[in-house]
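See below for the structure under consideration.
Every read-out reported here was derived from the displayed coordinates using simple, explicitly stated rules and does not represent laboratory data. Keep in mind it's a predicted model, so treat the numbers as computed, not measured. Neighbour counts are summed over all protein chains in view; Cβ atoms, including those assigned to glycine, are modelled from backbone coordinates with ideal geometry.
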Amino acid sequence: MNLGHGVAMRQFKLALCLLVVQGCAAPSETFKIIGSLNGLKGTGLVLQNNESDSVQPAADGKFTFSTPLQDNTRYRVTVLKQPTNPSQTCTVQNNIGAIIGSNVTDIVVNCVVNQFTVGGSVFGLGSGISLSLQTAVGDVVTVGANGPFTFPTKIDDGTSFVISISALPSNQDSQCSVIAGNGKINNANATSTVVTCLQPAKAYYQLDGQPTQWNDYVTADSAGGASVSATSCSPASFDLSATASYKSCIHAGERRTVLIPGVTSCKDWSITDSASAFDWTCDATTDPQNIQFVSMGLKAGVGLRDLIDYSTTPNPTWKKTHIDAANVDGSHLQTSDTQWWNNPMQLLDGNPPASWTSGTIYIVNALQLANYDLSVHSADKIAFVVSSASSAYQLTHPCDRSGAILTAAKQNFLWIEGAINDSCTTGINASSAISLFQTQFSVVNHVVIDVMQEGDGIVLTQSNNNLLRDIHIGSVHGTGIVTNSSLGNIVD
């Protein structure tokens, strides 16, 4: 009997039985990864377990990963994508561990909305001047210098804000406005609001460090302009030939400028003055950081008379004028109302003053029977203005003497304007309404001569480089405009 063979068979059968038993055993039990979500307001949150299994909960409450794990398997829950609209930061508590015979249920995801600052930049605020800004919820910041500003309180992403000025600058000449003050936080600090403070319009040219006044002239360069620190025009420096003209000098009185701080492009910007008196052009090259508008001269049909306030006593004064700047996007800026010139004014009563004073604006504000000779004392830089072209405001020949109704001789830089007539049917008629003799770089602007019974309208004799602009000649017995031995004059 072979006992070894029997033992071997029993061992084989036992091994086979064990193999069969193991292969037929029930599978191991699996468990779920479950968590809770708090504070979700945005969309797009993605959670991930072990860098593979993902879940996208859409609201607060329970969430479960789709793939269960076997006992003793490790898990690690992380945030794959943070929510947006509004942006949030979500953090996971109890996110790492191992399965121990039951579902995992203590994972907690807390989400908070991200917060950002509200601010912008201030431009044009003068030295030593401050202003206060506020938001609609009462957050306040005081700004004492140009540059960036930030409100102290952060606000949630997606929140709308409104910035306004709560306290105006201490310098009342500064007018500050908010551009793009309404906005909404969009996953970043808000910095696009601009507060621009405009200073009143000022003289474009300086002579000897002083701003130019109405009757000042500066010498034009070869391009027809002049530097801001210009040279005073001197008629004696010009060769009185066809190459010289009124444009050889620039009437600085009509050149004002206003700066738009923090704006670098002229595109879509325009300005008007409250008197509607000037044509303006934009300059973005002189200062790359700030555009400026420059008045190039009075509009057609507008006169010095339109810049004068006749209601003040005892003499008229300059009107207070402001600038309105506008962008096509609806942004609007404004300067304060100020007087742009300092020339004194004197109301004429029919009698010439004891002396004509350089730089003074002389005004006829009535129907006045008089003749005036501006050449007494030969003062330069005089303006003579009849306040209106209507019949109620005019200088009329008194029918008692010959010569011109208004005379200037050997003078420069005059400004003459208004209605001048000779309607005398008896007595002595005037030889002309205006006579200029050896007068240079002067303006005869918006002069209305309805009637000259015997004489001429305007007579220039040996008078060079003058501008006759917007002249209206009616029933004149003689010639409307006469030039005798005069060069370089412009009739516009």
Sort all Cα-Cα distances of the chain into consecutive 20 angstrom bins from zero, then give the percent of pairs in each bin up to the one containing the longest distance.
18, 30, 19, 12, 10, 6, 3, 2, 0
Given a cut-off of 17 Å, what percent of all Cα-Cα pairs of region 450-492 lie beyond it?
32 percent
Debye, to nearest 20: dipole size of the chain, +1 on Lys, Arg Cβ, -1 on Asp, Glu Cβ:
2380 debye
Residue-by-residue Karplus 3J(HN,Hα) for region 145-160, coefficients 6.51, -1.76, 1.60, Hz, glycine and proline x
7, 5, x, x, 9, 9, 6, x, 9, 6, 10, 5, 4, x, 7, 7
Order 342-350, 429-437 from most to least packed using the mean count of other Cβ atoms within 10 Å.
429-437, 342-350
Where Rh is the Kirkwood radius over the Cα pairs of region 144-260, the temperature 20 °C and the viscosity 1.002 mPa s, what D in µm²/s does Stokes-Einstein return?
117 µm²/s
Applying the gyration tensor rule to the Cα atoms of region 202-312 (axes a ≥ b ≥ c; rounded if a/c under 1.5, else prolate if a/b exceeds b/c, else oblate), the class is oblate
Kindly rank 299-312, 98-111 from highest to lowest mean number of other beta carbons found within 10 Å of each residue.
299-312, 98-111
For region 30-113, what value does the Rg/Rh ratio take when both radii are computed over Cα atoms and Rh is the Kirkwood radius, given to two decimals?
0.97
What dipole magnitude, in Debye to the nearest 20, does region 30-113 give about its Cα centre under +1 on Lys/Arg Cβ and -1 on Asp/Glu Cβ?
120 debye
Could you work out Rg/(2.2 N^0.38 Å) for region 345-491, with Rg from alpha carbons only?
0.93
If you fit an axis through the alpha-carbon atoms of helix 3-23 and take the longest principal axis of the Cα set of the chain, what angle between them do you get, 0 to 90°, nearest 10?
30 degrees
Mean Cβ count within 10 Å, highest first, over the residues of peptides 460-472, 262-274:
460-472, 262-274
Check which residues have an amide H placed less than 5 Å from V482's amide H, if you skip close sequence neighbours.
I458, V459, L460
Cβ-defined net charge surrounding A404, 15 Å radius [Lys, Arg +1; Asp, Glu -1]:
-3
